[in-house]
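Just below is one structure, and these are the notes that go with it.
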Amino acid sequence: MIARMWRGPVPKAKKDAYVAYLRETGLGDYANTPGNRGVWLLCQDKGEEVEFLTLTLWESVEAIKAFAGEDYGRARYYPRDQDFLTRFDPEVEHFEVIDTAEPR
């Protein structure tokens, strides 16, 4: 399994609108792509901005490519992202999932 992590900062005043936008676009696209094993949207207060982080789990690189395209290390942005984000990192990070543990 592979974890894919993307980060993007948004002005604090646009936080709720950006969450709504993500629910209309990327979160559903992630979840509806075959081979996706889960989607988590996280955020952290950074003063005047809120940094968002999406963490997704995937069965394989091929499943990630079905979402992100052949150059799956590149971030995938949506048309209205420029209305919210203050920075556009060109790449995402991928991690091999070594192990998981279920609560007892």
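Nothing in this text is a laboratory measurement; each read-out follows from the coordinates by a stated rule. The shown structure was predicted, so the numbers you read here are calculated from the model rather than taken from an experiment. FYI the Cβ positions are ideal-geometry reconstructions off the backbone, even for glycines, and counts take in every protein chain you see.
Among residues belonging to the stretch 31-84 that are among the charged types (D, E, K, R) and part of a loop (DSSP other than H, G, I, E, B), point out the one that is surrounded by the fewest Cβ atoms within 10 Å (Cβ to Cβ). Restricting to residues being among the charged types (D, E, K, R) and part of a loop (DSSP other than H, G, I, E, B), the top hit is GLU70. Tally up the residues in the stretch 61-104 that are polar (S, T, N, Q) and in contact with a helix residue (DSSP H, G or I) (Cβ under 7 Å, 6 or more places away or on another chain), please. Residues that pass the stated criteria total 0.
Apart from one condition, PHE88 fits all of (1) buried (at least 17 other Cβ atoms within 10 Å of the Cβ); (2) out of contact with any strand residue (DSSP E or B) (no Cβ under 6 Å at 6 or more places or on another chain); the exception is (1).
Each residue in the stretch 42-83 was checked for being within 29 Å of ASP16 (Cβ to Cβ) and charged (D, E, K, R), and 10 pass. Only residues that are buried (at least 18 other Cβ atoms within 10 Å of the Cβ), part of a helix (DSSP H, G or I) and touching a strand residue (DSSP E or B) at 6+ places or on another chain (Cβ under 8 Å) were counted across the stretch 1-30, and they come to 4.
Residues of the stretch 84-104 that are touching a residue at least 12 places away in the same chain (Cβ under 8 Å) and of a type in the set (Asp, Glu): ASP89, GLU91, GLU93, GLU96.
Beta carbons closer than 9 Å, at least 6 apart along the sequence or on distinct chains, pair a first residue in the stretch 1-29 that is closer than 22 Å to LEU57 by Cα and touching a residue at least 12 places away in the same chain (Cβ under 8 Å) with a second that is of a type in the set (S, T, N, Q) and surrounded by fewer than 16 Cβ atoms within 10 Å (Cβ to Cβ) for MET1/SER60; MET1/THR100; ILE2/SER60; GLY8/THR86; PRO9/THR86.
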